[in-house]
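Heads up: the structure comes next, in structure tokens.
Readers should treat all values here as calculations from the given coordinates under stated rules, not as data from a laboratory. Keep in mind it's a predicted model, so treat the numbers as computed, not measured. Every residue, glycine among them, receives a Cβ derived from its backbone with ideal geometry; neighbour counts consider all protein chains shown.
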Amino acid sequence: MNLITAETAFKKLQDDGTAVLVDVRTPSEFRSQHIRGSINLPLESFKADKLPFKRETAIHVVCQSGGRSAKFCDKLQDNGYLSVYDVDGGVDAWKASGMDLVNGKKSMSLERQVRIAAGAMVIFGIVLGSAVAPAWYALSGFIGAGLVFAGVTDTCGMGMALAKMPWNQGGK
């Protein structure tokens, strides 16, 4: 995998008419805002045998800020794709560079959904631990351990589960 800047990706995409730009965010995030000409192939539904391009195609990959795109690039390389480029900083870097974006219906980012869900579950565990039974405090501990695991491994189970929720999928 090659890490490249948004500006370099823009130039490479302009120069190579066969190169593709893949956005691996959820369909909801993609609808909210995306790079003109990109195609949406969410990381959560990666299937190497269903990709719409050949292994020789130059593939530039973006997400919101860089974490999911790196994972997608690794999967592409593991499946024999030869020219894989991870756009450093993702859509955020593209926007910061002043390059063209398509704006659509606003939606809540996956990262923000995880923060809200985790925070709500911690509060829920504390309230139930105080009001019902101390065993409920374990819920808060479990969520805290999950957040530590997500930080250490750069893999978020809650994020992957939320990405599959209906409001993060295609449709309206």
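See the values below:
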read-out: Total charge dipole magnitude, the chain, about the Cα centre, Cβ charges on Lys, Arg, Asp, Glu only, Debye to nearest 20; value: 580
read-out: Trypsin sites (Lys or Arg not before Pro) within segment 1-50: DSSP coil, no more than 16 neighbouring Cβ in 10 Å; value: ARG36, LYS47
read-out: Pairs of Lys in the chain closer than 14 Å at Cα, counting only those 8 or more apart or on different chains; value: 5
read-out: Amide H partners (placed H, <5 Å) of ASP23, local residues excluded; value: ILE39, ASN40, LEU41, VAL62
read-out: Contour excess over end-to-end distance, with Cα ends at ARG115 and TRP167 and 0.36 nm allotted per residue; value: 17.1 nm
read-out: The chain: calculated mean residue ellipticity at 222 nm from DSSP helix runs of at least 4, using -39500 (n - 2.57); value: -14500 deg cm²/dmol
read-out: Percent antiparallel among DSSP beta bridges (both partners in the chain, rounded to 5); value: 20
read-out: Segment ASP100-ASP78, length gained on full extension (0.36 nm per residue, minus Cα span); value: 4.8 nm
read-out: Viscosity 0.890 mPa s, temperature 25 °C, Stokes-Einstein D of the chain from Kirkwood C-alpha radius, µm²/s; value: 141
read-out: R0 of 25 Å, Cβ-Cβ distance THR57-ASP92: FRET efficiency to nearest 0.05; value: 0.50
read-out: Point-to-point label distance, GLU7-THR153, nm (Cα→Cβ direction, 7 Å offset); value: 3.8
read-out: Cα-only radius of gyration and Dmax that characterise segment 110-166, units Å; value: 12.2, 34
read-out: Table column - 3J(HN,Hα) (Hz), segment 134-147, Karplus curve with 6.51, -1.76, 1.60, x for Gly and Pro; value: x, 4, 5, 4, 4, 4, 5, x, 5, 5, x, 5, x, 5
